[in-house]
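These notes are about the structure you will find just below.
Just so you know, all these numbers are worked out from the coordinates, no wet-lab data involved. This is a predicted model, so every value here is computed, not measured. Neighbour counts are summed over all protein chains in view; Cβ atoms, including those assigned to glycine, are modelled from backbone coordinates with ideal geometry.
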Amino acid sequence: MYSFRRGSRLKDLDPRTKQRLHIALYGHRTKKRVKGKEYVSEVRGWIEKGAKLERKVVMFPERVAREVRKTLQTYGAKFFEIKVYAAPEEFEKIRRLAA
């Protein structure tokens, strides 16, 4: 489980970096029409493999957590990592409730 530092609100990041972090976590989808054709671009975020529990708190299974940690560190986000044990079935219940 990752919690972003209270009060920081990622203020230390410039807007471009903040947007890149947001896209990495939550994904992005764009539709564009050119000469009658529709083009769709989609980037999937890490949150699909985890759960957003509340504002500034996200939870991921251990197999994904290492990659998410690297992503957060790459963008310079300040965060706390709290290890929580939950059986796979329980984690899926949490994901469904958080959605």
Practice item. Arrange the following residues from fewest to most other Cβ atoms within 10 Å of their Cβ: Met59, Met1. Key: Met1, Met59
Study note, to complete from the structure: Phi-derived 3J(HN,Hα) across segment 52-63 with the Karplus relation (6.51, -1.76, 1.60, θ = phi - 60°), rounded Hz, x for Gly and Pro, is 8, 7, 7, 4, 6, 10, 10, 10, 9, x, 4, 5
Exercise for review: Please compute P(r) over all alpha-carbon pairs of the chain, binned at 10 Å starting from zero, and give each bin as a whole-number percent.
Suggested key: 14, 43, 28, 12, 4, 0
Check your understanding: If you line up the long axis of helix 15-26 against the longest principal axis of the chain, both from Cα atoms, how many degrees apart are they, to the nearest 10?
Key -> 70 degrees
Practice item. Kindly write out, for segment 84-99 in residue order, the coupling ³J(HN,Hα) from the Karplus curve 6.51 cos²θ - 1.76 cosθ + 1.60 (θ = phi - 60°), rounded to whole Hz, with x marking Gly and Pro. Key: 10, 8, 8, 4, x, 5, 5, 4, 5, 4, 4, 4, 5, 5, 6, 6
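Sort Thr74, Thr17, Thr30 so the one with the fewest other Cβ atoms within 10 Å of its own Cβ comes first. Working shown, then result.
Values: Thr74 12, Thr17 15, Thr30 9.
Fewest to most other Cβ atoms nearby, the residues stand as Thr30, Thr74, Thr17.
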Point to revise | Distance between segment 6-67 and segment 68-84 - C-alpha centres, whole angstrom | key: 14 Å
Practice item. Please state the charge dipole magnitude for the chain, taken about the Cα centre, from unit charges on C-beta atoms (+1 on K and R, -1 on D and E), reported in debye and rounded to the nearest 20. Key: 560 debye
Point to revise | Amide hydrogen neighbours beyond the local backbone of Leu53, cut-off 5 Å, H modeled | key: Val58, Met59
Review point. Taking amide H positions as placed 1.01 Å from N in the peptide plane, with prolines and chain starts having none, which residues 5 or more places from Gly27, or on another chain, fall under 5 Å of its amide H?
Key: Gly45, Trp46
Practice item. Could you give the C-alpha radius of gyration of segment 42-99 expressed as a fraction of 2.2 N^0.38 Å, taking N as the number of residues it contains? Key: 1.12
